[in-house]
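Worksheet: one structure, shown below.
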């Protein structure tokens, strides 16, 4: 049976880790190595969250989370901002915007073929990151802004914000050198819970970038956040 580490469900792991913390000096680097090995031996998956916005939830339930594709996001933009509803967005106007957008190859390289995650869903609700759930991600938002800044508000009308809870194979996380980030988050959260049990002072900072599709069987659930502060 797969063992999944759920960072946000603190009660599921705090007592499991307690003995290790009490037996070691967790202020030194050797402890970080021991904790890393403890996690790798005990768990096969880690819970992470992915934010987006959609007009069709079933695309995720049927296909999972697919790697980002600038061409597909542009096609999606045209579906949402179609000629029937937005006659001012002619084919010529749309294609000129597309050509302009595709010239920024450095920006496209940073995002193409990747999926961004966060170990703490609160990080995706923070004002600086809400564009994922408000507007369907950076590709969609940045392209629509070329059509005109007013159209991002049309995205908000047509799309439903969603945060997907997923389990990610720990093998993929090792490829991304993410385990050390998890170790740091565990130490910070353990200190917070044991020293300030009535407070929640921090959120997890691990944000891996995965370069493999995430199958629908890895989606554990979803939330439809409301009252997001969108820039």
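Given the residues 149, 177, which is the only one that is farther than 21 Å from residue 110 by Cβ and in a loop (DSSP other than H, G, I, E, B)?
Numbers: 177 fails: farther than 21 Å from residue 110 by Cβ.
Testing whether each residue is farther than 21 Å from residue 110 by Cβ and in a loop (DSSP other than H, G, I, E, B) leaves just 149.
Given 106, 87, which one is surrounded by fewer than 21 Cβ atoms within 10 Å (Cβ to Cβ), part of a helix (DSSP H, G or I) and out of contact with any strand residue (DSSP E or B) (no Cβ under 7 Å at 6 or more places or on another chain)? First the steps, then the outcome.
Numbers: 87 fails: part of a helix (DSSP H, G or I).
Every option except 106 fails the conditions.
If the requirement is being touching a helix residue (DSSP H, G or I) at 6+ places or on another chain (Cβ under 6 Å), surrounded by 15 or more Cβ atoms within 10 Å (Cβ to Cβ) and over 30 Å from residue 191 (Cα atoms), which of these qualifies: 32, 98? Don't jump to the end; show me each part of the working.
On the way: 32 fails: over 30 Å from residue 191 (Cα atoms).
Among 32, 98, only 98 is touching a helix residue (DSSP H, G or I) at 6+ places or on another chain (Cβ under 6 Å), surrounded by 15 or more Cβ atoms within 10 Å (Cβ to Cβ) and over 30 Å from residue 191 (Cα atoms).
Among the numbered conditions (1) in contact with a helix residue (DSSP H, G or I) (Cβ under 9 Å, 6 or more places away or on another chain); (2) at pLDDT below 90, tell me where residue 125 comes up short.
(2)
Answer yes or no as to whether residue 101 is at pLDDT below 95 and within 19 Å of residue 150 (Cα to Cα). Before you say what the answer is, go through the steps one by one.
Numbers: at pLDDT below 95: yes; within 19 Å of residue 150 (Cα to Cα): yes.
Judged against the criteria, residue 101 is a match.
So, of the residues in region 64-84 that are part of a helix (DSSP H, G or I) and without any contact (Cβ under 8 Å) to a residue 24 or more places away in the chain, which turns out to be nearest to the chain's Cα centre (by Cα)? Before the answer, list the steps.
First, the residues of region 64-84 that are part of a helix (DSSP H, G or I): 70-80.
Still in the list and also without any contact (Cβ under 8 Å) to a residue 24 or more places away in the chain: 71-72, 75, 78-79.
Numbers: 71: 20, 72: 19, 75: 22, 78: 24, 79: 24 Å.
So the residue we want is 72.
Which of the residues spanning region 155-178 are in contact with a helix residue (DSSP H, G or I) (Cβ under 7 Å, 6 or more places away or on another chain) and surrounded by fewer than 19 Cβ atoms within 10 Å (Cβ to Cβ)?
Residues satisfying the conditions are 156, 158.
The values are calculated or read from the model by the stated rules, or taken from the named source; none is laboratory data. Remember, predicted model here, so these are calculated numbers, not experimental data. Because the Cβ atoms are built from the backbone with ideal geometry, glycine has one as well, and the counts that use them run over all protein chains shown.
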